[in-house]
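Here the structure comes first, spelled out in structure tokens, and everything after it is commentary.
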Amino acid sequence: MKILSMAGCAFAAAACLAEMEPASPESQGMDSQAILNWIDACERTFEGAKEGRIHGFVIVRHGKTIAEGSWRPFDTLNEPHMLYSHSKSFTSSAIGFLVDDGKLDLDERLVDVFPEAVPENPSENLRQLRVRDLLTMNAGKKDHLLRDGGDWVKEFFAMDFAKKPGTGFRYDSDATYMLAAIVERRTGRKLMDFLKERMFDRIGIASAWSTVSPQGVACGGWGMNMTTREIARFGQLYLRQGEWNGEYVLSPYWAALATMRHTWSGWKDVGPKVLGEGGDWEQGYGFQFWRCRHGAFRADGAFGQYTVVLPALDLVVSINAGLRDMGKELDLVWEHLLPGAKTAPLVEGEAFARLRKRLAALELPPTAGGDAGLEGFLGKTYAFKDNGRGIKSVRFEKAADGLFCTLAVPAGEQRIPVGVGGWKKGEMRLDTQAYESLGAYVGAWKTAASAGVGEDGALRLRVYFTGATGHIDIAIEADGRSSGEFFAMNGTKLEGK
């Protein structure tokens with residue numbers, strides 16, 4: 001990997017004066033054709049049924065936004081999108097502010113931070129558990145929480161800490177929840193309010209919100225929602241080691257400490273222990289940041305929520321998606337975007353003009369089929385067997401303003417508009433839960449729905465949650481048999497009764 005040339009460093013430094021302003025790729029030493037090739041590869045690889053889709057992206061070079069786009073009906077550039085574990089890196093940043101302020105020591109024991117939650121006769125491993133062990137996913141805890149509505153801090157302390165803290169990596173979102181609880185305990189404020197004052201307002205993040213635990217504490221390890229532009233700003237802040245427009249928002253000490261390797265890592269089991277060997281989950285783990293190949297680091301959330309930072313290329317790539325294979329998503333970044341990053345400005349040409357047109361035209365195809373034969377499906381209720389998402393039935397009906405479907409879900413019947421040959425926007429609730437067990441869809445979600453009757457006589461429906469990773473697919477055969485899937489964490493099959 002080449003380091004930036006002197007010319008590259010010069011215009012990178014100038015970019016600090018106006019972070020995130022738009023610029024052509026070529027003006028920042030990036031080949032537009034490389035970005036076009038990446039978009040093509042994404043659309044070929046993630047075809048939308050079994051693989052899922054990329055929803056939106058932002059690419060930043062030398063502090064300038066050189067390309068951004070969102071596939072309609074998604075608008076992740078302007079509307080917040082579910083982040084899943086990408087949230088962890090923001091929670092780590094809040095811990096960094098406490099350390100910078102002298103309000104927290106990384107070697108403090110959790111039993112001293114939450115003395116009221118410590119069980120009688122705690123194990124020696126629990127007694128020795130430190131804040132830094134939570135940050136590096138070295139807590140030593142055996143199992144995840146059940147998240148059944150109890151007190152998550154007390155439940156955490158009651159778990160089996162089978163391994164000595166600090167001696168073995170095991171990815172565990174419960175550890176990050178405890179970090180969020182520490183922030184709220186030490187500041188006396190909500191995590192998102194604290195981050196808003198210390199970071200969000202200072203770098204231009206305005207849409208951020210988070211789900212919470214039964215106790216009202218931010219989930220920390222998941223549950224945050226932001227636009228793709230906003231997570232790219234977060235990546236740029238860490239690329240600049242905490243500096244934003246000439247001022248330090250976060251100390252360079254913490255920015256460097258959080259993103260370096262502190263422990264070997266692996267998704268299920270720790271893999272290679274030689275830098276550069278293995279995949280992108282085996283390059284090591286920092287303080288709630290993953291290390292990557294190519295000297296990069298990343299914030300990383302389920303189903304393809306990424307902010308990838310490449311310091312050697314002065315490059316940030318942020319992506320929101322709803323994908324099954326996150327490894328492929330990273331592979332495409334390495335394969336197509338990295339070769340396009342040069343050490344000096346390039347001449348704008350035809351590729352830049354084609355890129356601009358392509359970005360303006362990004363759109364996911366609506367459900368195939370038309371309205372011929374649709375009348376035979378209207379007014380009938382198609383019921384589903386019991387399933388993990390509690391989707392009970394679907395019904396279609398026509399009104400003066402178009403086609404609608406009514407889904408019976410735990411929150412009650414939800415009526416949403418459906419496009420034929422296109423997408424129609426709406427809104428629905430899935431459940432009435434006020435807190436988020438991991439993977440739940442709390443509150444109201446914007447929808448985009450499309451349906452059509454195919455040549456085989458079957459009616460097919462897709463409902464996207466445009467601020468989330470999931471979607472609902474339903475097929476009703478000509479003979480009335482129904483099936484489908486809720487595509488999300490622990491995907492749920494829908495079987496007709």
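The values are calculated or read from the model by the stated rules, or taken from the named source; none is laboratory data. Note that the structure is a prediction, hence the values are computed from the model and not measured. Methodologically, a virtual Cβ is constructed for each residue, glycine included, from the backbone with ideal geometry; neighbour enumeration extends over all protein chains shown.
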For segment 249-261, indicate whether the set of residues that are modelled with pLDDT of 95 or more and part of a strand (DSSP E or B) is non-empty. no
If the requirement is being surrounded by fewer than 16 Cβ atoms within 10 Å (Cβ to Cβ), more than 26 Å from Ala232 (Cα to Cα) and either among the acidic types (Asp, Glu) or touching a Pro at 6+ places or on another chain (Cβ under 7 Å) (or both), which of these qualifies: Asp133, Asp148? Asp148
Assess whether Gln236 counts as being of a type outside the set (Phe, Trp, Tyr), at pLDDT 95 or above and not in a helix (DSSP H, G or I). no
Go through segment 294-329 and give me each residue that's assigned to a helix (DSSP H, G or I) and more than 16 Å from Ser89 (Cβ to Cβ). His294, Gly295, Ala312, Leu313, Gly327, Lys328, Glu329
In segment 71-103, how many are part of a loop (DSSP other than H, G, I, E, B) and either at pLDDT below 95 or touching a Lys or Arg at 6+ places or on another chain (Cβ under 6 Å) (or both)? 2
Hey, Lys497 over 30 Å from Ser210 (Cβ atoms) and touching a residue at least 60 places away in the same chain (Cβ under 8 Å) or not: yes
Within segment 474-497, does at least one residue satisfy the condition of being of a type in the set (Asp, Glu) and part of a loop (DSSP other than H, G, I, E, B)? yes
Among the residues of segment 3-15, are any at pLDDT 95 or above and buried (at least 19 other Cβ atoms within 10 Å of the Cβ)? no
Residue check: is Arg356 charged (D, E, K, R) and either surrounded by fewer than 18 Cβ atoms within 10 Å (Cβ to Cβ) or part of a helix (DSSP H, G or I) (or both)? yes
Test: Val308 is farther than 15 Å from Leu83 by Cα and assigned by TED's automatic domain parsing to the domain that holds Phe287: no
Residues that are surrounded by fewer than 20 Cβ atoms within 10 Å (Cβ to Cβ), acidic (Asp, Glu) and without any contact (Cβ under 8 Å) to a residue 60 or more places away in the chain: does segment 91-106 have at least one? yes
Looking at the structure I just gave you, is Asn125 in a loop (DSSP other than H, G, I, E, B) and either farther than 27 Å from Leu323 by Cβ or not hydroxyl-bearing (Ser, Thr, Tyr) (or both)? no
For residues in segment 237-291 being closer than 13 Å to Phe169 by Cβ, in contact (Cβ under 8 Å) with a residue 12 or more places away in the chain and of a type in the set (Gly, Ala, Ser), which is surrounded by the most Cβ atoms within 10 Å (Cβ to Cβ)? Ser265
How about segment 128-154: which of its residues are part of a loop (DSSP other than H, G, I, E, B) and either under 23 Å from the mean Cα position of the chain (by Cα) or polar (S, T, N, Q) (or both)? Thr136, Met137, Asn138, His144, Leu145, Leu146, Arg147
Would you confirm whether any residue within segment 184-198 is out of contact with any His (no Cβ under 9 Å at 6 or more places or on another chain), more than 15 Å from Leu98 (Cα to Cα), modelled with pLDDT of 95 or more and not hydroxyl-bearing (Ser, Thr, Tyr)? no
Quick one: is Asp40 without any contact (Cβ under 8 Å) to a residue 24 or more places away in the chain, outside the structural domain of Thr466 (by TED's automatic domain parsing) and within 26 Å of the chain's Cα centre (by Cα)? yes
Residues within segment 476-497 that are crowded, with 18+ Cβ neighbours inside 10 Å, of a type in the set (Gly, Ala, Ser) and out of contact with any Phe, Trp or Tyr (no Cβ under 8 Å at 6 or more places or on another chain), tallied: 0
Would you be able to say whether some residue in segment 61-68 is farther than 20 Å from Ile35 by Cβ, in contact with a Leu (Cβ under 6 Å, 6 or more places away or on another chain) and in contact (Cβ under 8 Å) with a residue 40 or more places away in the chain? no
In the list Glu329, Glu282, Glu335, which residue meets the criterion of being within 23 Å of the chain's Cα centre (by Cα) and closer than 19 Å to Ala232 by Cβ? Glu329
